[in-house]
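Data first, discussion second: the structure below is written as structure tokens.
The values are calculated or read from the model by the stated rules, or taken from the named source; none is laboratory data. Here the structure is a predicted model, which means the values were calculated and not measured. Cβ: placed from backbone, ideal geometry, glycine included. Neighbour counts: every protein chain shown. The protein model used for the area step is the full one, side chains on, heavy atoms only, and it has no ligands, DNA or RNA in it. Shrake-Rupley method; radii C 1.70, N 1.55, O 1.52, S 1.80 Å.
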Amino acid sequence: MTTDPVDAGPVVRYECDGPVATVTMNRPAYRNAQNSAMTYALDSAFSEAAADDGVRVVVLAGAGEHFSAGHDIGSPGRDEHLSFPRRAGLWWDHSGRSGAERRFARESEVYLGMCRRWRELPKPLIASVQGACVAGGLTLAWVCDLIVASEDAFFADPVVRMGIPGVEYFAHPWVMPPRIAKELLYTGDRMSARRAYEVGMVNRVVPRDALAAETRALAGRIARMPRMGLALTKRAVNQAEDLQGLHSGLDSAFALHHLAHAHNAETSGDPLAGMDARSMSRSTGAES
């Protein structure tokens, strides 16, 4: 089990309550920023839930005040240089590589690849979102089938400030209308939970102190449905999204994402264009 050096616990907690498994990101000191250790721990937890016949529904949550502030680009636990066993694709190990080869190989695995893998989990997956759901946090919520958000939750993808056209799992035009997606990206501003509900990105908005209970109640209700029926329904809707261009759109946007990284590296010497966790946090007003 992987532990975090600051939060002194597993980076992901896995718990079962009857037919509902809850997978909790557990780096609250860093707003559940996703390092590779967390990514692979999430994958292990989802795999465990998929294999457990007693689990009918999975909930994804974040410990502490925030769901997830995105990918880890600056915590003491940042581990992008380390090698991990490949699970999401057949790209070679990124460690020891350089330039675009290093970044493309790694992000094909831990960002785009893992999100696609988790989207195909053959059991309903519900995101329980509070506080910040920013950049890489969006990708985690978007691979879920349903999103329940607290009234204080907010959503943002400010990476255009880096000169990059959105996060790697570019589902924006499928989870919200295209003009709303452009506004989210062009401004980098927060979208409130209520606004996210209005544009169809979020299923329910509930008081913060009721978030866990309301999510659990929804999961319990869904868990009473036939398992095979749920799995096939999920596959049918996912296939419809893919027929609407989601799969090929993700590939196209991912290529543009890496063109932007390469442009930044060539013109400024920094693939992130000088932005770090603190400046990205300030850009959405998320810094405490």
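In contact with a Pro (Cβ under 9 Å, 6 or more places away or on another chain), part of a helix (DSSP H, G or I) and open to solvent by 10 Å² or more (accessible area, probe 1.4 Å) - does that describe any residue in segment 155-168? Yes. The residue that is surrounded by the fewest Cβ atoms within 10 Å (Cβ to Cβ), among those in segment 134-154 that are in contact with a Cys (Cβ under 9 Å, 6 or more places away or on another chain) and in a loop (DSSP other than H, G, I, E, B), is Val143. Does segment 97-123 hold any residues that are over 22 Å from Glu266 (Cβ atoms), open to solvent by 20 Å² or more (accessible area, probe 1.4 Å) and assigned to a loop (DSSP other than H, G, I, E, B), and which are they? Residues satisfying the conditions are Glu120, Pro122. Are any residues in segment 198-236 hydrophobic (A, V, I, L, M, F, W, C), farther than 19 Å from Ala51 by Cα and assigned to a helix (DSSP H, G or I), and if so, which ones? Within segment 198-236, Ala210, Leu211, Ala212, Ala213, Ala217, Leu218, Ala236 meet the criteria. Of everything in segment 233-252 that's surrounded by 12 or more Cβ atoms within 10 Å (Cβ to Cβ) and among the hydrophobic types (A, V, I, L, M, F, W, C), which residue is nearest to Pro165 (Cα to Cα)? So, considering only residues that are surrounded by 12 or more Cβ atoms within 10 Å (Cβ to Cβ) and among the hydrophobic types (A, V, I, L, M, F, W, C), the one nearest to Pro165 (Cα to Cα) is Leu250.
For segment 38-88, a residue qualifies if it is within 13 Å of Glu109 (Cα to Cα) and under 18 Å from the mean Cα position of the chain (by Cα), and the qualifying residues are Thr39, Tyr40, Asp43, Glu80, Arg87, Ala88. Would you mind finding the one in Val202, Val237 that is β-branched (Val, Ile, Thr) and closer than 20 Å to Pro158 by Cα? After ruling out the rest, the residue left standing is Val202. Of the numbered criteria (1) modelled with pLDDT of 95 or more; (2) out of contact with any Lys or Arg (no Cβ under 8 Å at 6 or more places or on another chain); (3) open to solvent by 50 Å² or more (accessible area, probe 1.4 Å); (4) within 28 Å of Ile180 (Cβ to Cβ), the one Glu214 fails is (2). Residues in segment 43-63 that are of a type outside the set (Val, Ile, Thr), surrounded by 22 or more Cβ atoms within 10 Å (Cβ to Cβ) and out of contact with any Ser or Thr (no Cβ under 6 Å at 6 or more places or on another chain): Ala45, Phe46, Ala49, Arg56, Leu60. Looking across His66, His94, one residue alone is of a type outside the set (Ser, Thr, Tyr) and either at positive phi or open to solvent by less than 20 Å² (accessible area, probe 1.4 Å) (or both). It is His94.
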